[in-house]
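The values are calculated or read from the model by the stated rules, or taken from the named source; none is laboratory data. Since this is a predicted model, take the numbers as computed values, not measurements. Please note: Cβ atoms are built from the backbone with ideal geometry, for glycine as well, and neighbour counts cover all protein chains shown. Calculation scope for accessible area: heavy atoms of the full protein, side chains included, ligands and nucleic acids excluded. Shrake-Rupley method; radii C 1.70, N 1.55, O 1.52, S 1.80 Å.
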Amino acid sequence: MGRVVVVTGIPGTGKTTVCNELLKLAQGAGRKITAINFGTVMVELSKKDDKSLHRDKLRKSSLSFQRDLQLEAAKMISQKAGDTEGDVIVDTHMSIKTLQGYWAGLPLPVLKLLNPDVFVLVEAEPREVLSRRFRDTTRKRDKVLESEVAEEFLFSRLMAVACSVLTGASVKIVKNPSGKQSEAAKKILKLLW
Ligand code: AMP
Ligand code: MG
């Protein structure tokens, strides 16, 4: 079975852009890598329950609803990863800012299902993150202060430490300054050599 790389980043870090870049690089290098977006799986599952939510509204729903969806999504992803040839990238979040406070994107039951080999934290300067959130009209992202973005980064790192302790997998921090998504993707691809 291939490796499972969990790529995380707070909203506006450009993690999905980096993942897309990674897929292009992998294709060019003749490498089989599949990316699965955790949030997309959750949104699809929410449609089945007839409670379809916009992806940016999910984290504002009740925690019990999110927890159920999260576990269901992890089961689907684990199954897909098992059926997939080559390495799998899971595009997700270490920590989710819910109405109940910070919540783990990868609690123990989810970690057990995904069985990751490495965790990646995609990071950028808080100011850059804010300007990306502001410019991205396709998303309903909260406009917050730079200090709050710094706190989101801190929580992601704290969650990553917990994930590493629980799984024995390593944590790689990959910086994604503007226009450098290809370099960031190369750093992730290196983890898979
Ligand atoms: P994204 O497009 O990566 O920002 O994901 C959209 C939304 O999906 C996030 O804001 C979360 O509400 C949800 N989501 C993604 N990954 C997870 C996860 N591991 N656990 C819980 N919710 C998640
Ligand atoms: Mg994304």
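Evaluate the relative contact order of region 1-67 (contact order divided by residue number), counting alpha-carbon pairs under 8 angstrom at least 6 apart; express in whole percent.
14 percent
Tell me, rounded to the nearest percent, the portion of alpha carbon pairs in the chain spaced more than 22 Å apart.
Roughly 45 percent, rounded to a whole number.
Could you tell me which of rounded, prolate or oblate describes region 53-147, using a ≥ b ≥ c as the square roots of the eigenvalues of the alpha-carbon gyration tensor, with rounded for a/c under 1.5 and, failing that, prolate when a/b is larger than b/c and oblate otherwise?
Note, shape of region 53-147 comes out prolate.
By DSSP, what percent of the beta bridges with both residues in region 1-147 are antiparallel, rounded to the nearest 5?
Percent antiparallel among DSSP bridges in region 1-147 is about 20.
Ignoring any ligand, DNA or RNA, what whole percent of the accessible area of the chain comes from carbon and sulfur when the probe is 1.4 angstrom?
54 percent
At a Cα cut-off below 15 Å, give the aspartates and glutamates reachable from LYS48, other chains included and same-chain residues fewer than 8 away excluded.
ASP68, GLU72
Determine, from the Cβ-Cβ distance of GLN100 and ARG127 and an R0 of 25 Å, the FRET efficiency 1/(1 + (r/R0)^6), rounded to the nearest 0.05.
Once the sixth-power term is evaluated, E becomes 0.35.
Cα to Cα, under 20 Å, and not fewer than 8 places away if on the same chain: which lysines meet these conditions relative to LYS180?
LYS15, LYS24, LYS172, LYS190
How high is the relative contact order of the chain? Use alpha-carbon pairs under 8 Å, at least six apart in sequence, and give a whole percent.
33 percent.
Using 1/(1 + (r/R0)^6) with R0 = 22 angstrom and r between the beta carbons of TRP193 and GLU85, what's the FRET efficiency to the nearest 0.05?
Rounded to the nearest 0.05, the efficiency is 0.80.
Measure off 7 Å from each Cα along the Cα-to-Cβ vector at ARG55 and ILE173, then give the distance between these two points in nanometres to one decimal.
Simple spin-label model gives 2.6 nm for this pair.
Quick one: putting +1 on the C-beta of Lys and Arg, -1 on the C-beta of Asp and Glu, what dipole do you get for the chain around its Cα centre, in Debye to the nearest 20?
Using only the charged Cβ atoms, the result is roughly 280 debye.
Identify the residues of region 40-64 with backbone N under 18 Å of a label point that sits 7 angstrom from the Cα of ARG139 along the Cα-to-Cβ direction, or state none.
Those under the cut-off are 40-44, 53-61.
Note down the nm distance, to one decimal, between modelled labels 7 Å out along Cα→Cβ at ALA29 and at ASN115.
Taking the simple label geometry, ALA29 and ASN115 are separated by 2.4 nm.
Give me the extension gain from LYS48 to GLU72: residue separation times 0.36 nm, minus the current Cα-Cα distance, reported in nm with one decimal.
7.5 nm is the gain from fully extending LYS48 to GLU72.
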